[in-house]
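Asks: My questions will all concern the structure given below.
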Amino acid sequence: SDVDHVNAHATSTPLGDRLEAAALRSVLGSGFIVSATKSMTGHLLGAAGAIEAVATVLAVRHQVAPPTPTLREPDSDLGLEVTRNAAMNVSIRAALSNSFGFGGHNTALIFTQF
């Protein structure tokens with residue numbers, strides 16, 4: 001319940017996004033903001049998770065959920081509050097960074113204020 005922000009892996013595929021959204025709702029419930037920073041960097045293969053983790057740490061430090069500028073029409077079926085064209089100033093106690101890689105390399109990291 002302390003997670004206020006999620007930097008989603010956000011594959012931009014209908015199945016992948018629906019599964020990630022369902023997992024987030026199942027584990028976290030509601031009350032968090034979702035961003036997808038990969039939409040700004042592209043998929044960096046082996047570096048994607050590290051870059052997304054740095055963006056998540058910076059979100060916690062600066063209390064800003066990054067934008068998801070390539071999101072045109074949010075899928076209302078996902079049931080998530082997603083940033084769009086602008087960053088959002090929010091209170092972030094803890095943030096989750098999801099990274100799912102080729103071949104089953106999957107990581108979920110939570111970063112908190114200290």
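Asks: Of the residues that make up segment 35-50, is at least one open to solvent by less than 60 Å² (accessible area, probe 1.4 Å), assigned to a strand (DSSP E or B) and not basic (K, R)?
Replies: Checking segment 35-50: at least one residue is open to solvent by less than 60 Å² (accessible area, probe 1.4 Å), assigned to a strand (DSSP E or B) and not basic (K, R).
Asks: Right, next: Going by what's in this entry, would A108 be described as surrounded by 16 or more Cβ atoms within 10 Å (Cβ to Cβ) and either under 12 Å from N7 (Cα atoms) or touching a Cys at 6+ places or on another chain (Cβ under 8 Å) (or both)?
Replies: It is false that A108 is surrounded by 16 or more Cβ atoms within 10 Å (Cβ to Cβ) and either under 12 Å from N7 (Cα atoms) or touching a Cys at 6+ places or on another chain (Cβ under 8 Å) (or both).
Asks: Could you check G103 against (1) at pLDDT below 95; (2) part of a loop (DSSP other than H, G, I, E, B) and say which number it fails?
Replies: (2)
Asks: Hey, among the residues in segment 70-84 that are assigned to a loop (DSSP other than H, G, I, E, B) and open to solvent by 50 Å² or more (accessible area, probe 1.4 Å), which one's nearest to D17 (Cα to Cα)?
Replies: Residue satisfying both the conditions and the ranking: D75.
Asks: I would also like to ask the following. Pick out the one residue from A65, A87, A95, A59 that is open to solvent by 40 Å² or more (accessible area, probe 1.4 Å) and under 22 Å from G49 (Cβ atoms).
Replies: Just a single option satisfies the conditions, and that option is A87.
Asks: Return only the number of the condition from (1) under 15 Å from V3 (Cα atoms); (2) charged (D, E, K, R); (3) touching a strand residue (DSSP E or B) at 6+ places or on another chain (Cβ under 7 Å) that R25 does not satisfy.
Replies: Just one mismatch for R25, condition (3).
Asks: Would you confirm, using the coordinates I've provided, whether A21 is touching a Ser or Thr at 6+ places or on another chain (Cβ under 7 Å) and either free of Cβ contacts under 8 Å to residues at least 12 places away in the same chain or part of a helix (DSSP H, G or I) (or both)?
Replies: no
Asks: If I ask for residues that are open to solvent by less than 40 Å² (accessible area, probe 1.4 Å) and outside any helix (DSSP H, G or I), which ones from segment 24-34 would you list?
Replies: Residues satisfying the conditions are G29, F32, I33, V34.
The values are calculated or read from the model by the stated rules, or taken from the named source; none is laboratory data. It should be emphasised that the depicted structure is a prediction, and the values quoted were computed from it without experimental measurement. Because the Cβ atoms are built from the backbone with ideal geometry, glycine has one as well, and the counts that use them run over all protein chains shown. Surface areas here come from the heavy atoms of the whole protein model, side chains and all, with no ligands, DNA or RNA. Shrake-Rupley method; radii C 1.70, N 1.55, O 1.52, S 1.80 Å.
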